[in-house]
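The values are calculated or read from the model by the stated rules, or taken from the named source; none is laboratory data. Note that the coordinates shown come from a computational prediction; the quantities given were computed from them, not determined experimentally. Reconstructed Cβ throughout: ideal geometry from the backbone, glycine too, with neighbour counts over all protein chains shown. Just so you know, the surface numbers come from the protein's heavy atoms only, side chains and all, with ligands and any DNA or RNA stripped out. Shrake-Rupley method; radii C 1.70, N 1.55, O 1.52, S 1.80 Å.
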Amino acid sequence: MILPAGLTIASMRSDEVVLLEEWATAEGWNPGLADLAIAHAVDADAFVALRRDDELVGGGTIFSYDGQFGFMGLFIIRADSRGAGLGAMLWHHRLDLLRRRLGPGASIGMDGVLAMVPFYQKGGFRLAHGDLRFEGIARGADDGDVQAYPQLSFGEIAAFDRRFVAAPRDRFLLRWLEQPGAHVLGLRQDCALAGYGVARPCRRGFKLGPVFADGEAVAERIVLALLSRIEGEAVALDVPEPNQAGLALATRLGLRQSFGCARLYHGVAPNLPLSGIFGVTSFEFG
């Protein structure tokens, strides 16, 4: 791709990652306090910078899960540089870069705003389903049978997690579970893990994600226990739209739908058990 004079696309510097997070906050995206640091520690090459001379004017992520699955997220053009086609240019460049970072036949996922779905489809993505965000104030109830990490071992959580994601993500998951201020809870049934969830601190309140469970009853006990740990805080939960039990659970917990995204895939869509996904890990990293 030939760029206009003065523009370059390259890997993002650490100071630019911090700036990208500030832009995301200004857009109202309310990132988790450790989200970008975790992603950068696992895959520094995922962060792509669009610069005019040496000044950052846009950026985004192209996260690779060990070359087996990719995810495009956190895509921003600086407010004063919009309307000149830079966004489309950077988006296509990121897609080309990510495809080269993945193995043959690897798929790519993304959560995009609904209004941009036609653009993403022209780029080769196919709509899979909606992901709906629910928000409110945390009101929970403790559960004596729910256990916290590391009472639950990383090995059993990673094995359970693998059922609900498109590729193994142990390096990412370990940092996600151990980020400062996070609450990680799970429930065993018949001596086997039946579900787990994470509440992580954000610029404002907390987000729940992932929440994976063998059924609505298990998910409800885990979510209520998580909410009890962050009682009174603002909270957000992102639920795949096909999971009707998950949507009903969010409503029953007093959370209200605030907006939705479109989950799209480039290549073959992974066959994920959406009925067990009660909370998406992250709109930025899958």
When the Cα centres of segment 80-154 and segment 173-220 are compared, how far apart do they sit, in Å?
19
Given points 7 Å out from each Cα along the Cα-Cβ axis, report the GLN121 to SER258 separation in nanometres with one decimal.
2.9
Residues whose built amide H sits under 5 Å from the amide H of CYS202, excluding neighbours closer than 5 in sequence, are LEU33, LYS207
Once ALA44 and SER81 are pulled to full extension, the length gained, defined as 0.36 nm per residue separation minus their Cα-Cα distance, is 10.8 nm
Options (i) 54, 18, 14; (ii) 40, 27, 17; (iii) 33, 19, 18 are given for semi-axes √(5λ) of the Cα gyration tensor in Å, and the computed one is (iii)
Could you give the radius of gyration (one decimal) and Dmax (whole number) of the Cα atoms in segment 167-286, in Å?
14.0, 42
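In percent, how large is the relative contact order of the chain, given Cα pairs closer than 8 Å and 6 or more residues apart?
Working: 574 pairs, mean separation 66.9, N = 286.
Here the relative contact order equals 23 percent.
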With only alpha-carbon atoms counted, please give the Rg and Dmax of segment 64-153, in Å.
18.8, 56
Kindly provide the pair-distance distribution of segment 1-123 built from C-alpha pairs, with 5 Å bins from 0 and whole-percent values in order of increasing distance.
2, 11, 22, 24, 22, 14, 5, 0
In Å², what does the accessible area per residue of the chain work out to with a 1.4 Å probe?
42
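In whole percent, how big is the carbon plus sulfur part of the accessible area of segment 218-285, probe 1.4 Å, protein atoms only?
Working: 1260 of 2510 Å².
Of the solvent-accessible surface of segment 218-285, carbon and sulfur hold 50 percent.
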For segment 117-211, with all protein chains present and a 1.4 Å probe, just round the carbon and sulfur fraction of the accessible area to a whole percent.
50
Peptides 208-220, 270-282: what's the order by average Cβ count within 10 Å, highest mean first?
208-220, 270-282
